[in-house]
Amino acid sequence: MTNQLLEALYLKETALPIDESYYKKHIDNKDFDSIAPQLYHLLKEQDRLGEVPNVFYLYLKKHFFQTMLLNLFVKHQMTQILHSFEENGLEVIPLKGVFLAESYFGNIGARRTSDIDLLIKYRDLEQAIDMIKQLGFTTEEEKIPGHFHCSYSKQLPGSEIPLVVELHWDLLKESTANFNIEDFWHEAKPYGKTSFIKELSSFHVFYMIVLHGWRHNLDSYKYYLDIIHLIHFLKDELDFAKLMETAKVHKTQRRIIRTLTAVYQEFPFLDKIKPFPYKANKQYLYLSEKKDGLSFYKKYADYIDYQYFSYDSSSHMVKEILSTILPAKK
């Protein structure tokens, strides 16, 4: 259902839907809230807000400005943290969040974020933890055994939900890939005039976002839209052959192919923007099918396929199965 709307926004020759009930169904879908800010921004940028029903326009506008206010606050907090890294001479790379919204989505209000993700060097972890604690992020979130980040939060005035800072030293579990995070650091470039704050190359931003979508099994519109938007934004700059070569070395090729195949299957208009020549023959579940419309057995089978058969190496698959069966040491 969402395909028609997104196609109209990313392919100018496609008309927007005209049936008001079409838009009402989206308003009633709570998961759709997660992409409403970007749709508002795209419609405004294309001067097409007047082409959608007023109730849909007001719905999008509300979510856009709510997101903008939240993201402005998150950006203020992130700026303080990054300034501390710069002052202390520790290298850091902002991941996703407000950085992605401003640099790739075109507006700080265009992509919702609720936490601050930072890539750091593992050797700097203890010092980085001390720094963010000094900025009020003193509550340590529960650690996930075997994972590649730790989280600290602080309570916000008037909010039941704390703001979380995640310090990443990697992007995938070491036991499930031959991932080399140093590749990301090597191609990162300085952010503005800073010496220690860096930003990922556009290639690695896309690679990261696809892996992020895989990690969540594409269970929300936002993971689809992240990938769709980056494909549209990067277009000819995006090198799928390089992506496959890199993923093969990192043992992440099945994850990349599975995720992009699922996105292209659900949103076939992407082939008109940039074809993905490495699609798998397998048919993956659409988002709507994951939430309803299929038997428990089919949903369970798809989840098992995602959870355990997305690995290039049988040893990585076995390690993931064992990590599920055997309790990890904390």
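The values are calculated or read from the model by the stated rules, or taken from the named source; none is laboratory data. Just so it is clear, the model here is predicted, and its values are computed rather than measured. Here the Cβ positions follow ideal geometry from the backbone for every residue, glycine too, while neighbour counts run over all protein chains shown. The area values use the complete protein model at the heavy-atom level, side chains included, leaving out ligands, DNA and RNA. Shrake-Rupley method; radii C 1.70, N 1.55, O 1.52, S 1.80 Å.
Below is a table of values for the structure above.
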item	result
Scan of the range 303-318 for residues that are in a helix (DSSP H, G or I) and surrounded by fewer than 17 Cβ atoms within 10 Å (Cβ to Cβ), ordered by number	Tyr303, Ile304, Asp305, Gln307, Tyr308, Ser314, Ser315, Val318
One residue from Asp239, Asp226 being at pLDDT 95 or above, acidic (Asp, Glu), on the phi < 0 side of the Ramachandran plot and surrounded by 22 or more Cβ atoms within 10 Å (Cβ to Cβ)	Asp226
Test result for Arg112, open to solvent by 20 Å² or more (accessible area, probe 1.4 Å) and at pLDDT 95 or above	no
Residues of the range 137-160 satisfying the condition of being of a type outside the set (Val, Ile, Thr) and farther than 24 Å from Glu91 by Cβ	Glu142, Pro145, Gly146, Gln155, Leu156, Pro157, Gly158, Ser159, Glu160
Members of the range 31-61 that are polar (S, T, N, Q), surrounded by fewer than 14 Cβ atoms within 10 Å (Cβ to Cβ) and in a helix (DSSP H, G or I)	Asn54
Matching residues in the range 244-296 - criterion: being at pLDDT below 85, open to solvent by 30 Å² or more (accessible area, probe 1.4 Å) and assigned to a helix (DSSP H, G or I)	Ser288, Glu289, Lys290, Lys291, Phe296
Residue that is most open to solvent (accessible area, probe 1.4 Å) [pool: residues in the range 174-201 that are free of Cβ contacts under 8 Å to residues at least 40 places away in the same chain and either at positive phi or within 19 Å of the chain's Cα centre (by Cα) (or both)]	Gly192
Residues of the range 137-147 satisfying the condition of being open to solvent by 30 Å² or more (accessible area, probe 1.4 Å) and either part of a loop (DSSP other than H, G, I, E, B) or in contact with a helix residue (DSSP H, G or I) (Cβ under 9 Å, 6 or more places away or on another chain) (or both)	Thr138, Glu140, Glu141, Glu142, Lys143, Ile144, Pro145, Gly146, His147
Failed item in (1) more than 25 Å from Gln307 (Cα to Cα); (2) assigned to a strand (DSSP E or B), with Leu125 passing the rest	(2)
Criterion: of a type in the set (Val, Ile, Thr) and over 22 Å from Asn3 (Cβ atoms) - qualifying residue of Ile197, Ile227	Ile197
Every residue from the range 15-30 that is open to solvent by 30 Å² or more (accessible area, probe 1.4 Å) and in contact (Cβ under 8 Å) with a residue 24 or more places away in the chain	Glu20, Lys24, Lys25, Ile27
Some residue of the range 128-136 being at pLDDT below 90, surrounded by 15 or more Cβ atoms within 10 Å (Cβ to Cβ) and either over 15 Å from Pro94 (Cα atoms) or under 19 Å from the mean Cα position of the chain (by Cα) (or both)	no
Residue list for the range 1-14, filter: in contact (Cβ under 8 Å) with a residue 12 or more places away in the chain and of a type in the set (D, E, K, R)	Glu7, Lys12
One residue from His232, His168 being at pLDDT 95 or above, open to solvent by 50 Å² or more (accessible area, probe 1.4 Å) and closer than 24 Å to Val263 by Cβ	His232
Residue match in the range 75-82 (condition: β-branched (Val, Ile, Thr), open to solvent by 20 Å² or more (accessible area, probe 1.4 Å) and either in contact with a Gly (Cβ under 8 Å, 6 or more places away or on another chain) or more than 24 Å from Leu287 (Cβ to Cβ) (or both))	yes
